Amino acid sequence: MHLIRYAERVTWRERVGVLDDDGVLPLPDVSGFAELLRRPLSEIRSLVTRPLVSEACTLGDVLLLPPVDGRTEVWAAGVTYERSMDARIEETTASQDVYARVYDAARPELFFKAPAWRAVTGGEPIGVRPDAAVTVPEPELAMLVTTHGEVLGYTICDDVSSRDIEGANPLYLPQAKIYDGSCAISALVRPAWEVPDAQALGIRLVVRRDDRTLMDERTSTARMHRRLDDLVEHLCRALTLPDGAVLSTGTGIVPDLDFTLCPGDVAEITIDEIGTLSNPAAPSTVIDWLASAADDPSLRDRYR
Ligand code: DO4
Ligand code: MG
């Protein structure tokens, strides 16, 4: 079973529901994920057990939306896998030691990734900055964290990044990480109580160009150098999250330095127990509709 946020196709009313073998079933009295994330986990669990069966519909009747809205913030952790540390040391022309030091430090690297309205979901374009020479998808397990610091569920985040911009100087990190189309989040959220061990999930990244497979790599969250609960604890230490947060947990797959994502490529991320997130790449300059789509979800149909 997955938790989803969606818009009904005829009325474009936004709802939150569950997706299971019976189709799409809305939850009573919840119109957005922000509203859900304000509740304690025990309350959400009991809500999920009594969806409105009388209002069930099929996936074809709805438009799936990113599982973030309102004041929900998207944050991400960095250098949580050895592969990520090695890749940063290789790409940087400025200061290699910051990456080795943060990999072993008690305090993790956490950075702001996106406000809710800037996130795209499956089928929507991810962006390639016009001033970046090396753009990569970063396949990451992401947690939905409630206002109370509890993990509601798991999803997939593509932390799309401009490697050469970050490599030139770590102070350029926000420009390498935050731009139009740089944050894709799967619409499917697997409730935490259905995932017995989130630190043992296989992750696969496939990138296709036309009919060629450019890369096909796998890792596992078992290779993560941090505990998920420790990442959540650090995020919540000095930060109120009025509508909760998505916390992406870092990448364990980084392409070789001669690889760059180009408009038209498709990046597909699969995580065991969660699902698949697939996005075509496009110039970031054409992904200028996200703010309007936050007010009118029907617009999103045009860009899929
Ligand atoms: O240190 C830069 C960010 C690294 C990152 O995004 C990752 O490891 O996933
Ligand atoms: Mg990342």
**Prompt:** Which log10 I(q)/I(0) values, to two decimals, does the chain give at q = 0.13 Å⁻¹ under the Debye formula with one point per Cα?
**Reply:** -0.87
**Fill in**
Note to self: C-alpha centroids of segment 70-122 and segment 1-23 sit apart, in Å, by 32
**Prompt:** For VAL195, what charge total do you get from the other residues with a beta carbon under 13 Å from its beta carbon, if Lys and Arg give +1 and Asp and Glu give -1?
**Reply:** -3
**Message:** Taking amide H atoms as placed 1.01 Å from N in the peptide plane, list the residues 5 or more away in sequence, or in a different chain, whose amide H sits under 5 Å from that of ILE126.
**Reply:** ALA281, ALA282
**Request:** May I ask you to evaluate 6.51 cos²θ - 1.76 cosθ + 1.60, the Karplus curve with θ = phi - 60°, for each residue of segment 286-300 and list the ³J(HN,Hα) values in order in whole Hz, giving x for glycine and proline?
**Result:** 8, 9, 10, 10, 5, 5, 5, 5, 5, 8, 9, x, 4, 4, 5
**Complete:** With VAL74 itself left out, Lys, Arg at +1 and Asp, Glu at -1 over residues whose Cβ is under 12 Å from its Cβ give -2
**Request:** For segment 1-78, go through all pairs of different Cα atoms, get the mean of 1/r, take its inverse, and jot down that Kirkwood value in Å.
**Result:** 13.0
**Complete:** Using the Kirkwood formula on alpha carbons, the hydrodynamic radius of segment 175-290 in angstrom works out to 16.4
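Each value in this text was obtained by applying a stated rule to the coordinates, not by laboratory testing. These numbers come from a predicted model, not from an experiment. Note that we place each Cβ from the backbone using ideal geometry, even for glycine, and neighbour counts take in every protein chain shown.
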